[in-house]
Structures are given as structure tokens and as C-alpha cells.
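What follows is one structure encoded as C-alpha cells, with my remarks underneath.
The values are calculated or read from the model by the stated rules, or taken from the named source; none is laboratory data. None of the values given here were measured: they were computed from a predicted structure. Cβ: placed from backbone, ideal geometry, glycine included. Neighbour counts: every protein chain shown. What goes into the accessible areas is simple: the full protein's heavy atoms, side chains included, and nothing from ligands, DNA or RNA. Shrake-Rupley method; radii C 1.70, N 1.55, O 1.52, S 1.80 Å.
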Amino acid sequence: MGAERVFTAWLQTKRAMSMPAPALKRRRARLWRHLQPALSRTPALAGFQGMALAEYPLTNSNDLRADYGIWNSAGKTDADLRALADASEKGAATGELSAGWSSGSAGNRRGLFIANPHERADYLGQSLARLLPAGALFKRQRLALHLRANNALYSDVESGRLAFAHFPLEGNASETMTALAAFEPTILIAPPHRLLQFAKSGLRLPSLRYLFCGSEPISIAEIAYLTEGFGLRPRAIYQATEGFLGAECSEGRLHLNEHTIHFDWEPVPGTSGFRPIITDLRRKSQPIVRLCGDDFIEFDARPCSCGFGGRIIHAPQGRVHDLWHLKSQMITPPQVVAAIEGVLGGAHDWQAAASRSGGSSGGSSSGSSSGSSSVRLRLAPTVPKTLGQDAAQALQGLTKQPTETTYDLTEWPGPKRRKVVWSDG
């Protein structure tokens, strides 16, 4: 990866971070024009090339996963890309084009992403600009990445001033903490549930200067607990298979990356929230155009003093398909999190699940509902019974329904932590 390309991306991002919203809009229009040649080489999108962005059809992740071969501009087949991603995860050299699997959030469904050297350089330069102060780049840093799998998207970060180490999530937590302590990271990126586990175990990393969390939601209570445990406030990175969507600024506000991403917004009926429709304007090897995201998004109208014009959102706490359709009311993941963690705080593991038998399809966000429903609160065995009862009462006060409480949450099911879950029957 060329250092010059990384620096160019870093400089462009730093400049964009001082642009007001109208200038960011003009920048997105220019990037959209530059994206056209890649769209013409992408079979699924070639028929729309030259049209206005709003005229492109809405797509979803299942469209991409059905055949990755028609969703790339590099001329690769679906089989080519799946083999490339598998080889990359095993540490095999794959040439200039890198591929990898996302961890997924529903069952075993995983998204596949690809990137060429220019895109990896853009990603690295943009990330450094959004996450670190300029002065940090002139000091030696040790970056520890604690995610499911390694990938060239991250390991390309290695340079004379920046040492990189990957610590897989599949590893034993105790052994991982020992390895982290030996590596002495100055920068750590990890999912919130692992950071919480480290903090509860008393892990101390005296050299740590920058702490980031990604891959799954983090709540206000958890941020407070981790800040106390590490002596450093974790900052959220909002990233998905669809792209690098946003990051918290130095003021702790989550700004969307509207210098490279175009967002449209689909209102979620019965709520004040939205579903994002994502177009990544810098991604050419695997164009992402008007892809419907799953996150339930609420805007934060408070101004921010950092000066970046990207709109501010509250940190997502769950998915649109995990809204609770209970009788005549719609309950959102942020409401569930606030009710439970208002009692438990951020130190205890829990999962709240609601379900309905009969009635309308759970894939709808219409808020219509019929049939019987149930609410269950799963707690870690270490949660004191009186505290668990108070949390259940808080949840019952929110839902106006009886809450079944169990103390059987010994580990998180699935590839990602999901604290708020909805199912139909």
C-alpha cells in the first residue's frame, strides 16, 4: 500500500472534517460522478449507470449475498470471491484484491467485502483522520485489533511508526488478556462485550492512549463503566459490511461519515427513528448503492463543538427487525436498554427478548399487531436477585406486560452480542 495514497486520504478527510454541511453535499455529488465508471462495470448496476442516485433501486444485504459476482466491478465470480475470502481468513496471500467475511449479526449469515489497494489506503487514511489526533501519527503506536478475523484491510496498517497485532475473538479471554498486556498496545479496538469482560477481570493496560469499540452497540452505561475501568473513555466506531459509516469525535458525539457516504432515510412508523439507506461513494471494487441498512437510527439534534459537518446520531442500540410490536405499542431497542440499564448499570450481562405468536409478520415496521406476546429477561447468574427483580419491574413498566426472568445468560449466543431481540412465534 502506498504511503502517499494513505496520506492523501488522511489529508482529504481532515479537510472534509472542517466543511459545513452544504460543502459536504457538493463533495458527495462530485464523488458520485467519479463513481460512474465503476458502476458501468458492475453487472447488477450497469443498467442504471448515468441515472441520478435517487433513480437507483433499493437493495438489501440478501441481494448481495445471493450472488457477489454481479455486485463487483473487478470481473470476479461469486465462487472467486468466496474462495478469496476463505483464503484470506486462513492467512493465505491473495494478491492485490483482498476479501473477507463480516461477523454477521443474524444466525450464520455473513457478508463478504472486497477491497483493492487504493480502497485499503483510503480506508486507512480516513480512519486515522477520523479517530486519532494528528500528533498521534508522529509517535510510535502499537495497534491491537481484537476482532473475529484478521484482514488486509487492517493489517496493511503496519508501518515504521505503527506496529499491528491481531487478537482473534475465538481465543481464550484469559490468554488474550495476557497477550494484550505483553503487547502493551497504545491503541485498542474491540467489541464492547469483550472490553467489559476485560474490565471486570481487572485488565490494566498502562500504555493505552486510545480506546475504540466497534462491531456491536454500546450503551451510555457501558461507556461509563469502561471509562472507570480503563481510565479512558471508549469511542464508538460505526462500521458495517456496508462501509465505514461513522465515528465518535473527540467530544464523544457520533458523527456520520457524510464526506464519503450518502445517506437516505426511511422513517420507521410508530417511532422517531429511521432506517439508513447507504451509498458508499468511494467504494469502487464492490459498489454499495442505496443499500438498506438494518440499524435503528435516531438523530441527536444537539450541536457539537468539534466542527465536523457530518450529522450526529445517537449510538445505535439495535436493529429495525428487533423493534417490539406489543399490542398497540411499538417499543424500540433504545427504550429497552434505557429501562434495564437504568437499574443494572453497565456492569451486568443481560438480554431481553420479546415474541408474538400469530398476527402480522415481524418483518413489517407498521406497528400493527395481534395475537399473544411474551417478554423474557435473561440475566447473568452473577446478577443479584434483588437487582434482577428491579430490572424486570422496570421492563414490565415499559411494556405493560409480565416479564419472565431467568439467570441463564452464561455466554453470548451468535456471532455478535444482541441485547434486544424480537421474534414472531
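The table below gives the values:
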{"item": "Among (1) in contact (Cβ under 8 Å) with a residue 24 or more places away in the chain; (2) more than 26 Å from V343 (Cα to Cα); (3) touching a Ser or Thr at 6+ places or on another chain (Cβ under 7 Å) - the single one F167 does not satisfy", "result": "(1)"}
{"item": "P217 being in contact (Cβ under 8 Å) with a residue 24 or more places away in the chain, under 27 Å from P316 (Cβ atoms) and in contact with a Leu (Cβ under 7 Å, 6 or more places away or on another chain)", "result": "no"}
{"item": "Search result, residues across the stretch 291-313 that are small (G, A, S), over 14 Å from the mean Cα position of the chain (by Cα) and open to solvent by less than 30 Å² (accessible area, probe 1.4 Å)", "result": "G309, G310"}
{"item": "Count of the stretch 238-255 residues which are under 21 Å from Q141 (Cβ atoms) and at pLDDT 95 or above", "result": "2"}
{"item": "Pairs with Cβ under 9 Å, 6+ apart, first in the stretch 304-330 and assigned to a strand (DSSP E or B), second of a type in the set (K, R) and at pLDDT below 90", "result": "W324/R356; H325/R356; L326/R356"}
{"item": "Criterion (in contact with a helix residue (DSSP H, G or I) (Cβ under 9 Å, 6 or more places away or on another chain), open to solvent by 30 Å² or more (accessible area, probe 1.4 Å), within 22 Å of L326 (Cα to Cα) and at pLDDT below 85) met by exactly one of G363, G359", "result": "G363"}
{"item": "Subset of the stretch 131-149 [more than 25 Å from G171 (Cβ to Cβ) and open to solvent by less than 10 Å² (accessible area, probe 1.4 Å)]", "result": "A136"}
{"item": "Top-ranked residue in the stretch 219-245 [being open to solvent by 50 Å² or more (accessible area, probe 1.4 Å) and among the small types (G, A, S); ranked as nearest to S102 (Cα to Cα)]", "result": "A224"}
{"item": "Subset of the stretch 168-198 [small (G, A, S) and open to solvent by 10 Å² or more (accessible area, probe 1.4 Å)]", "result": "G171, A173, S174, A179, A181, A182"}
{"item": "Members of the stretch 398-420 that are in a strand (DSSP E or B) and either without any contact (Cβ under 8 Å) to a residue 60 or more places away in the chain or open to solvent by 30 Å² or more (accessible area, probe 1.4 Å) (or both)", "result": "T403, E404, T405, T406"}
{"item": "So P37, is it on the phi < 0 side of the Ramachandran plot, touching an Asp or Glu at 6+ places or on another chain (Cβ under 6 Å) and surrounded by fewer than 21 Cβ atoms within 10 Å (Cβ to Cβ)", "result": "no"}
{"item": "Within the stretch 272-290, considering residues that are in a loop (DSSP other than H, G, I, E, B) and open to solvent by 20 Å² or more (accessible area, probe 1.4 Å), the one farthest from E55 (Cα to Cα)", "result": "S272"}
{"item": "Leading residue by the ranking (modelled with the lowest pLDDT) among those in the stretch 1-34 that are assigned to a helix (DSSP H, G or I), of a type in the set (A, V, I, L, M, F, W, C) and buried (at least 18 other Cβ atoms within 10 Å of the Cβ)", "result": "V6"}
{"item": "Residues located in the stretch 368-397, provided they are assigned to a helix (DSSP H, G or I), open to solvent by less than 40 Å² (accessible area, probe 1.4 Å) and touching a helix residue (DSSP H, G or I) at 6+ places or on another chain (Cβ under 6 Å)", "result": "A391, A394, L395"}
{"item": "Residues within the stretch 227-238 that are touching a residue at least 40 places away in the same chain (Cβ under 8 Å) and outside any strand (DSSP E or B), tallied", "result": "1"}
{"item": "Qualifying residue in the stretch 86-95 (condition: over 25 Å from the mean Cα position of the chain (by Cα), surrounded by fewer than 16 Cβ atoms within 10 Å (Cβ to Cβ) and within 18 Å of H262 (Cβ to Cβ))", "result": "no"}
{"item": "Members of the stretch 239-271 found to be assigned to a strand (DSSP E or B) and charged (D, E, K, R), listed by number", "result": "E248, D264, E266"}
{"item": "Residue count for the stretch 33-81, restricted to those that are aromatic (F, W, Y) and within 13 Å of L291 (Cα to Cα)", "result": "2"}
{"item": "Filtered residues of the stretch 265-290 (kept if hydrophobic (A, V, I, L, M, F, W, C) and either in contact (Cβ under 8 Å) with a residue 60 or more places away in the chain or farther than 23 Å from A38 by Cα (or both))", "result": "W265, V268, F274, I277, L281, V289"}
